[in-house]
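Only the coordinates and a few stated rules stand behind these numbers; no lab work does. No experiment lies behind these values; they were computed from the predicted model shown. No Cβ is skipped: glycine too gets one built from the backbone with ideal geometry, and neighbour counts run over all protein chains shown.
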Amino acid sequence: MANVNSPKLRRVYVWEQPVRIYHWLNALVILVLIATGFFIADPLTIQSSREAADQFTMGWIRTIHFVASYIFFFNFLFRIYWGFVGNKYANWKQFIPTSRHFFREIWSVFKIDILMLRGKEHLSVGHNALAGFIYFFMFLAFLVQSITGFGLYASMSSGWWFPQLFSWVPAMFGGDIFLRQVHHLTMWFFILFTLFHVYLVFYHDYVEGRGEISSMGGGWKFIEDDVFEKHMELPNEPPKS
Amino acid sequence: MDNPTAQKSPTYLEEFKRKGYSRKDFLKFCTLMAAYLGLENSSVGQVVQALTNKPRLPVIWLHFQECTCCSESFIRSSHPIVADVLLDQISLDYSETLMAASGHQAEEAMKNTMTKYKGEYILCVEGSVPTAADGVYCMIGGKTSLQILEEAAEGAKAIIAWGSCASNGCVQAAKPNPTSATPIHKLLKGKPVIKVPGCPPIGEVMAGVIVHVVTFGRLPELDGLGRPKAFYSKRVHDTCYRRPYYDAGLYVESFDDENARKGYCLYKVGCKGPSTYNACGVTKWNNGVSFPIQSGHGCFGCSEENYWDNGRIYERASAFPGFGIEATADKVGKVALAATGVALAAHAVMTNVRKKKLIKNLEKEGKQSEQELKK
Ligand code: HEM
Ligand code: SF4
Ligand code: SF4
């Protein structure tokens with residue numbers, strides 16, 4: 001077979017180090033929050049002959065949940081900040097549609113990846129537009145989970161000012177009982193999101209062969225030369241801000 | 001508070017004495033109230049002064065859709081003065097349950113208080129107001145509850161919603177709420193209402209709220225839901241004596257099991273203490289004898305909004321309204337999880353079918369490079 005089939009690949013630095021650190025820290029604390037959250041919601045039966053004073057199982061689980069919560073929240077704030085100062089693939093415009101081109105790309109990703117129509121493969125180097133738009137809702141879920149979580153936490157924290165910023169939350173939900181339900185239900189968004197996310201990363205790696213999975217490790221993606229050239233002509237990427 | 005028309009009314013202290021209580025009893029009572037209100041020691045004097053000098057506060061106490069458990073709780077509060085004196089002393093000018101007068105006389109008394117003490121009296125409301133069918137579900141003396149409430153609220157100095165009925169509708173407002181039972185703060189727009197929820201509220205808490213209004217002449221500090229912070233800023237869970245078992249992870253698994261006999265935490269059998277703001281763990285009930293958790297039954301959140309619709313009493317995971325008939329958040333989640341699994345598996349299969357050529361090409365390309373490397 002002739003070599004002409006083999007395209008030349010260009011290496012693109014897509015995910016900067018702060019984005020990668022954010023990503024894996026976020027993944028870790030979310031897993032911890034889900035595990036501890038499930039435990040808080042329905043603690044396991046512990047058979048123990050020790051005195052209550054000698055154990056602190058639920059206490060530790062809750063402590064871990066709250067420590068992870070702080071990390072989760074400030075990591076999230078950092079990511080928002082990075083959406084303004086990071087490279088174009090990290091920019092907030094990747095998540096919030098600001099042009100008609102954005103919607104056109106969402107439609108084309110939808111056709112190709114979900115309806116599985118044959119067509120020109122989409123060309124995004126960073127997030128594709130549909131993924132970016134879904135991440136926007138993911139960030140909203142982060143916000144909901146932080147607000148409901150810190151709202152619950154406000155009345156049980158030692159009283160330093162930060163959690164107290166959220167002390168208005170329970171009243172908005174008509175009390176802690178419903179607030180907890182919302183917090184619990186939102187957790188399922190995280191679980192489902194994680195499944196979709198991991199699946200789609202494998203999917204893209206598989207059908208595109210551009211190093212999707214490893215990109216969150218080293219930051220590199222590999223795109224074909226002709227795609228690279230097309231991109232230089234396209235107005236689709238937001239300018240570096 | 002210093003209202004010339006009320007000048008002739010006796011002060012609290014005078015009434016206490018008339019009832020046969022000694023000054024010592026009086027001081028004890030003041031100290032107790034100050035403690036319930038969470039005041040500093042130095043403020044006890046303020047309470048004493050207020051009750052010594054201030055004339056009795058006229059009170060109109062209305063009953064709508066309710067079971068009178070709030071009145072019951074009030075007259076049974078632990079300190080004899082609360083029951084015996086304070087209730088009399090707040091000069092209940094109108095209360096369907098407790099006044100001696102009836103019929104036109106009673107209506108007359110209420111009208112008198114409303115005109116004579118305009119802007120001075122405290123309006124206490126027990127019960128919710130049904131607004132369906134033009135209010136026919138609860139009418140007194142030919143008037144609907146709403147009419148009576150609005151008239152009485154007009155000249156009130158302070159409005160207190162006793163109990164969960166007046167504060168959040170309680171059981172009669174539970175779905176489907178056939179009479180459109182409505183808590184009073186929703187009907188008295190723009191008027192501050194002190195909510196004292198609970199089913200019933202604790203008698204000492206009720207007395208404390210009144211003493212606060214008498215002493216300071218203004219509403220107590222309220223939380224986001226309009227409840228006095230002095231009594232509703234802590235969760236039952238925060239003052240529960242079983243809390244060490246909660247933290248240790250030792251729970252009653254079912255009523256009457258070994259753990260229940262050991263007095264473990266009731267979290268897993270549905271205790272809503274972690275989400276309920278009330279003073280039960282501290283003040284307790286019936287002269288401080290006990291409170292539900294001490295008697296082996298979880299808190300069911302009676303002082304929280306919509307507690308009847310907020311899920312099952314004996315289960316930790318609350319039912320989530322709106323999904324199917326009643327599903328817990330986890331049931332909803334598990335269904336979504338299964339659906340996701342199926343969808344993703346289908347997608348994976350379809351990918352290999354529909355994008356066969358694409359994948360083949362990638363593979364070919366990769367293998368070719370591999371071959372070339374071998375050379
Ligand atoms: C990925 C994010 C998170 C997940 C998946 C999660 C999950 C959960 C779950 C499942 C529960 C149990 C709810 C129930 O009782 O049914 C819970 C409780 C709780 N979470 Fe989170 N949570 C997250 C983030 C947060 C954050 C950011 C905070 C902020 C402080 C927080 C604070 C709390 C608090 C205070 C409770 C109640 C604990 C208690 O009452 O002892 N959570 N969480
Ligand atoms: S019995 Fe209820 S209020 Fe007491 S510690 Fe357990 S969960 Fe909290
Ligand atoms: S323990 Fe809970 S349900 Fe029982 S009276 Fe107190 S607040 Fe109401």
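In units of the rule-of-thumb radius 2.2 N^0.38 Å, chain A shows an alpha carbon radius of gyration of 1.23.
Suppose R0 equals 45 Å; then what is the FRET efficiency for residue B:42 and residue A:168 from their Cβ-Cβ distance, rounded to the nearest 0.05?
Approximately 0.90, to the nearest 0.05.
Across region A:27-167, the relative contact order, built from alpha-carbon pairs under 8 Å that are at least six residues apart, equals 17 percent.
Based on the Kirkwood radius over alpha-carbon pairs, what value in µm²/s does the Stokes-Einstein equation return for the translational diffusion coefficient of region B:129-179 at 37 °C and 0.692 mPa s?
The calculation lands on 275 µm²/s.
Normalise the Debye intensity by I(0) for region B:329-374, one equal point scatterer per Cα, no solvent, then take log10 at q = 0.17, 0.32 Å⁻¹ and round to two decimals. Values returned for q = 0.17, 0.32 Å⁻¹ are -0.63, -0.98. Rounded to the nearest Hz, the phi-derived 3J(HN,Hα) couplings of region B:166-183 under the Karplus curve 6.51 cos²θ - 1.76 cosθ + 1.60 (θ = phi - 60°) are 6, 8, 9, x, 6, 5, 6, 9, 5, 4, x, 6, x, 9, 6, 4, 10, x, where x marks glycine and proline. In a Gaussian network model over chain B where Cα atoms closer than 10 Å are linked, find which of B:257, B:223, B:238 has the largest mean-square fluctuation. Maximum among the listed residues: B:257. With a threshold of 26 Å on the Cα-Cα distance, the over-threshold entries among A:111/B:357; B:189/B:284; A:111/B:360; B:28/B:262; B:191/B:229; B:24/B:111 are B:189/B:284; B:28/B:262; B:24/B:111.
Fewest-first ordering of A:60, B:285 by other beta carbons within 10 Å of each residue's beta carbon gives A:60, B:285.
Here the contact order of chain A, divided by its residue count and restricted to Cα pairs under 8 Å and six or more residues apart, works out to 31 percent.
Using the rule -39500 (n - 2.57) for each DSSP H run of four or more residues, divided by the residues of chain A, the 222 nm mean residue ellipticity is -20500 deg cm²/dmol.
Restrict the search to region B:147-249; then list the chymotrypsin sites (Phe, Trp or Tyr not before Pro) that DSSP places in a loop and that have at most 11 other Cβ atoms within 10 Å of their Cβ. Show your work: numbers first, answer last.
Numbers: sites: B:162, B:216, B:231, B:232, B:241, B:245, B:246; in loops: B:241.
Sites meeting the loop and neighbour criteria: B:241.
With pairing defined as another cysteine C-beta under 4.7 Å, the cysteines of the protein assembly as shown that fail it are B:30, B:67, B:69, B:70, B:124, B:138, B:240, B:265, B:271, B:280, B:299. In the protein assembly as shown, a dipole from Cβ-located charges (positive for Lys and Arg, negative for Asp and Glu) runs towards its positive end, and of A:110, B:158, A:27 it is A:110 whose Cα lies farthest in that direction.
When only alpha carbons of region B:236-310 are considered, Rg and Dmax amount to 11.9, 33 Å. Measuring how big region B:208-366 is from its alpha-carbon positions, Rg and Dmax come out at 25.5, 89 Å.
Evaluating 6.51 cos²θ - 1.76 cosθ + 1.60 at θ = phi - 60° for every residue in region B:133-138, the Karplus couplings come out as 6, 6, x, 5, 6, 8 Hz, glycine and proline recorded as x.
Computed from the C-beta positions of residue B:22 and residue B:108 and an R0 of 30 Å, the FRET efficiency is 0.25 to the nearest 0.05. Using only the Cα atoms of the protein assembly as shown, build the gyration tensor, take square roots of its eigenvalues as a ≥ b ≥ c, and label the shape rounded, prolate or oblate: rounded if a/c is under 1.5, else prolate if a/b is larger than b/c, else oblate. Cα axes put the protein assembly as shown in the prolate bin.
Measuring r between the beta carbons of residue B:352 and residue B:31 and using R0 = 60 Å, the FRET efficiency lands at 0.15. DSSP finds beta bridges in the protein assembly as shown, and of those with both partners inside it, around 45 percent are antiparallel. Calculated on C-alpha atoms, the gyration radius of chain B divided by its Kirkwood radius gives an Rg/Rh of 1.21. With a cut-off of 14 Å, note down the residues of region A:209-233 whose backbone N falls inside the zone around a label point 7 Å from the Cα of residue A:127 toward its beta carbon. Label zone hits: none.
Between the helical axis of B:44-53 and the longest alpha-carbon principal axis of chain B there is an angle of about 40 degrees. Rank these for me by crowding, B:145, A:215, B:128, going from fewest to most other beta carbons within 10 Å. The order, fewest Cβ neighbours first, is A:215, B:145, B:128. Phi-derived couplings, Karplus 6.51 cos²θ - 1.76 cosθ + 1.60 at θ = phi - 60°, listed residue by residue for region B:256-271: 6, 7, 3, 5, 5, 5, 7, x, 5, 5, 9, 3, 7, 9, x, 4 Hz, with x used for Gly and Pro.
Neighbour counting of Cβ atoms within 10 Å sorts the residues A:125, B:282, fewest neighbours leading, into B:282, A:125.
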